[in-house]
Amino acid sequence: MDIKNLQNGLNNARNTDALKAQEKINTAATVDSEKTSKAPTDRVTLTSVSSQIRELEKRAAVANTNNEARIAELKQAIADGTYKVDAEKIADKLIKMEVLFAKA
């Protein structure tokens, strides 16, 4: 057997392996670029909840929040010492609030 032919055979095998490896790299790059180009675009879908939130924001914007007279009455009652706290009413509202939070 000729050493030159053996050397050429090894070089050919190495070149073939290198070509196969390069083809794999090129194929992977092509697949990645195809995935990138076919990637779905971002979309926004509004649910009924978001529509309800938008409606509530509109209502809140136009709601009458002029309660200066009530605030003045409360301040005066506190200053006079005539403001009475209804502990039972406060407890009922706290319980209702806790029930609502437990459901969420």
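Since every read-out is calculated from the coordinates, none of them should be taken as a lab result. Please read these numbers as outputs of a predicted model, since none were measured by experiment. Heads up, the Cβs are rebuilt from the backbone with ideal geometry, glycines too, and the neighbour counts pull from every protein chain shown.
PRE reach from Leu94 (point 7 Å along Cα→Cβ): which of segment 45-75 fall under 18 Å by backbone N?
none
Select from segment 36-104 those trypsin sites (Lys or Arg not before Pro) which occupy a DSSP coil region and have at most 14 other Cβ atoms within 10 Å, ordered by residue number.
Taking segment 36-104 and a limit of 14 other Cβ atoms within 10 Å, the loop trypsin sites (Lys or Arg not before Pro) found are Lys38, Arg43, Lys84.
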